[in-house]
Every structure is written in C-alpha cells, then in structure tokens.
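For reference, the structure is listed below as structure tokens.
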Amino acid sequence: MVKNEYHRLLNRQLKKAGLDFLENPRFFEFINMVNDAYKSFDKDIKHIENILEQNSKELFAANKKLTLERDHTKTQLENIVDNVSGVIFKTDLKGNFTFLNSAWVEYSGISIEESIGKNFKEFLKRDGIEGKRIINNMFSLKKKHIKLIFKHEKDGGLMWFELKSKLIVNREGEPSGFIGTITDITNLKVTEIELQKASKSKDEFLSTMSHEIRTPLNAVTGLTNILLMEDHLPEQIENLKALKYSGEHLLGLINDLLDFDKIKSGKVKIIEDDFSLNYFLENIKTHFTLRSEEKGLVFKLIQKNDIPNNIIGDKLKLTQIIKNLLSNSLKFTETGSITLSVKNLGIKKNKVKLKFKVIDTGIGISKKEQESIFESFIQANSKTSVKYGGTGLGLSISKKLLNLQGSDLKVKSQLKKGSTFSFVIEYKISNRLNVFEPEMIKMQPDYEPITINVLVAEDNKLNTLILKRFFLKWNVKYKIAESGKEVLAIYKDFDFDLILMDLQMPELNGYETTKIIRALPNKQKANIPIIALTAFAQTDIKRKTKLHKMNGFMSKPFNPEKLYLLLKSYSREYCKK
C-alpha cells in the first residue's frame, strides 16, 4: 500500500507502478529518501518563485520609473527644441526633411506636416542665397559641413537666415543624413547692410571732399609754381615759398587722412613688382638732399653689405614709408644731419633681408612718449603739434604699412639727442639682369622745350589756366577740350602724341571717352597714350585706369616737375631713343 504522507507525485508514481512496501520492505528506506528529495525540491521551487515574484515587482517598478523619466525627458527635449529661437532640422542623404521643430512654422509660414518628406530645394530660391551658391549639390557626401546665408520673404517683409548643417552617421559608421540649424540673423544682416551703405557714403564723401579741396588747391599750388618759375621781385620770394609750402602741407594732410582711412578699412593691398633698389635710393637721396639743404641740414645715404640692385616688392609702399620717416626727421631737426641707412642682413632662398634706418639729430622723444607716437592722430606732446604742425598720422600709417608686409617699425630716441627709426623687411631678389625704370629720366629737370602735341580733356577753368601757363613755358603744343564729346570731335581731325584725360567731365566722363577711343578702327589712333587726371580720392584709381586701358594717372594738384617729366617721357625726342 502507498502511504498518504508521501509526496503527491511519488504516490502517483508508486500507484502506477503497483508497488507494495509490505511485500517489498527493502525499498522502504529508498522510497523515503526519494520522498524527502521531492519535498525539498518543492521548497526550492517555492523559494525561487518567491524570488522571481519579488524581482518581477521590482522590475515592473523600475520599468515604470524609467518610462516616466523617459517621457519626462522627451517632453523636456521637445519643449526645449520647440522653444529654441532657430529652426532645428534633419534630412536624409537626399536632403528630404525628416524632422523639423516648431520654429520652422514661425519662420517659413508652412506647417511641419506639409514640409516633412519634402526636399530643401523646394523652400530655397536660387536668387535668395548669398554668394550665388549652387544648391543642387548643397547636401552632398563630399561636404561634411555646410554653411550659407539666404533671404526669405514673409508677409511682405524680408528676413535673413544662416543655415549650418553637418553629415551624421549611423552605428555602423555609414552616412545616414544631415542635421542642422537655421538661425534668424535679420537684425545682424540689416546692420551689416546699413554699415556697408554708411561705408560707401563715407567713401563717396571723402572722394567728393578730396576733389572739392584739391581743385582750388591745384590753383593755389599751380599758380605759386608758375610765379616761382617766372620773374618776380626779390622781396616776393619768401612769400611765394611760404605759399607753396602751405599748399603742399595742406595736400600732405589730405593724403595722410585718405591713406589712414584706406588702411583702416582694409582696402590697401600689397602689390609686388620688379624695381631697382639703387635707383630708388638715388631718387630719395636727390629729393631729400635738396630739402635738407634748404633747411641748412646735411643728408647722408649709407649702404652696407653689397645691397642687391633689382628686387621684387611693393615699391610704392616702401617709398611712402621712407618719405614719411624722412619728412618727420626733416620736420623735427633744426641743426645737424639726417641719415638714411640700408644694410643687407643676408640672403637666403633668393630672398634678402634689408634693415632700413632713418637717423636724425632732432628734438628726440622721451621714453614715456615713445609708447604712444605710433597711435593714430597722436604726436609726442601738444607743444610739438602746435610748433611743428601735422596730423600725427605719418608714423601710424608707416607702421601699419609695414605690418601688412610682415614687418614692424621700431624707435630709439633721447630728448635733445635725436631719434632712430628702423625696420627689417624681406624682399625677393629679381632674376632680371636689369629692371626698366620709366622714372629713370626723372632727374632734376631743366625745363627745356618739349616737342609734343597734347590733347587736354579738362573742364575746370583754373586747371586749364595752370596747364596753359606750364605748356607756354615748355613750348608744348596743345588743344583743350571741355567734355568727352569735344575730345572725340577734336581727336577725329587732329593727331596728338598724348591725351591728358580728366576723369570727371560732363556728358562723357574720362573712362567712357577712353573706351570709345580704344575701340576706334584706326589702330594708331586707338592706341594713343592716355594719362588720367584726377582729384578724386578713389582707392581703386590705379586698378580702374588699368582696367580701362589707360597708360597711367596723375593726381591734382599738378607737381610741375612730375608733369614736365611725364610729358618728356612721351615726347618725340624721347620716343626716338
């Protein structure tokens, strides 16, 4: 018989097997062991079930907590994304929108539902993108980062936006789309446009004012030069020299202000070309020897360590720097000497390092004042400004011009013991055996008669009066035209060696008139040398005259020496050489 106290599963198995413990007492002990094992197993199962139930409750609670936190974080992120001031977007690799935040609706006026799945090209106008960028390849695997500015019309108003995006990759590291932002920069862009307009207005104002000031100044300096060239009373010489100095000083102030403005606005470019350093230095020496002698000073030029003759660099900037420094020394030196020293510091990889020094025996500068002399509109002290005049821009301009060329201006000075200004600059050495210098004829002119026939396009009566007086002195043949149309009418019937073309004339300006002349079927007439005459302070005058195929330009007021040498360089005698 099977005992009822045995485990239910064991009872079932014993009953099924038909075993009777009375008949088989030897199995009794074994069956009891199996029964104990069954009961022990039941206890283990119950314990595991209790543990699993507890774990299940804990997992449920943790899952519920994570779900709440996830939903809360998602809500927060959605709120943040929807309250960001700019658009956040995501596209696939073809540029189709897969996500847009609510700012998109505010800026575009189009719902998110309408926009999702559509391509970015449908929302960007070609003529609205700054810089005329091609939008077809904008979202491309070749471009990991994209940045552009575009404009968008909404409710009759114009808005400006900056778009930035970058390529994103999936877990496998493969490109999957683009993510980016669109930010409203309307206020910034409007401010930029207004600043550009203001800058343009300022440039136009400076140009106009320069022209208006230079025109009467041309008459003052021109007539003064003519009076000095003609017979005058001995007692008039000092007055005429003072008048000439005042005119040239005023012109120097105007040029300083214009140069300073050009540098400040970033419009100054370094233009490298071949030039003769030896001729450059001789030209400087000739000019400043005369000026120094007039003041009772000695001018010295010192060259050390075999200076190379032909170099490549910006000659115009070097001239301006050296002349600024020497003019300063001349201004502040009453007795003694002024020295320009040039030293070869060595040649490496076909480049030469040159050290320029301007040394004077002038009033000197104190240690304290040396800290501020390179600042704009600053002179050593107020007494200096009152006594010697000037804008305080010369040193500032020179320093900035050197900085543009990777150099710097240094000063060493002691009060009442003079000053030394120096800089080191590197130039390429020219491989040309000889550099042609059109200025090589520019020795001190003796004003001999010039065989040349000149057509002058000039509508200002004072300017034509001055030119006529110069031409009369030099036996120059000429005709005057007061407009572009008159230039063409005269030029049709007469032959000339040179045209002096004013740029600002009624009906046809100098550029337009030159364009017509250059297009004439008669090649000889079409290729006549044309020199622009200008009193404007245009920063791109050299580029514009070259673009219109002019042979050069001359600024007003006219410098009689420069005008004479210009005419001589195009004279029949000189052209035959």
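Okay, here's what the table says:
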quantity	calculated
Failed criterion for M501 (all others in (1) free of Cβ contacts under 8 Å to residues at least 60 places away in the same chain; (2) over 34 Å from the mean Cα position of the chain (by Cα) hold)	(2)
Qualifying residue in region 501-512 (condition: in contact with a helix residue (DSSP H, G or I) (Cβ under 9 Å, 6 or more places away or on another chain), within 24 Å of L223 (Cα to Cα), of a type in the set (D, E, K, R) and surrounded by 15 or more Cβ atoms within 10 Å (Cβ to Cβ))	yes
Region 302-321: number of residues that are assigned to a strand (DSSP E or B) and in contact (Cβ under 8 Å) with a residue 60 or more places away in the chain	4
Residue match in region 545-558 (condition: of a type in the set (A, V, I, L, M, F, W, C), assigned to a loop (DSSP other than H, G, I, E, B) and in contact (Cβ under 8 Å) with a residue 12 or more places away in the chain)	yes
Whichever residue in region 256-285 is of a type in the set (S, T, N, Q) and within 13 Å of T319 (Cβ to Cβ) and, among such residues, is modelled with the highest pLDDT	S276
One residue from F494, F470 being under 28 Å from I226 (Cβ atoms) and surrounded by 17 or more Cβ atoms within 10 Å (Cβ to Cβ)	F470
Helices (runs of 4 or more DSSP H) wholly inside region 351-468 containing at least 3 residues that are at pLDDT below 85 and closer than 20 Å to K323 by Cβ	394-404
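The values are calculated or read from the model by the stated rules, or taken from the named source; none is laboratory data. Source: prediction; values computed, not measured. FYI the Cβ positions are ideal-geometry reconstructions off the backbone, even for glycines, and counts take in every protein chain you see.
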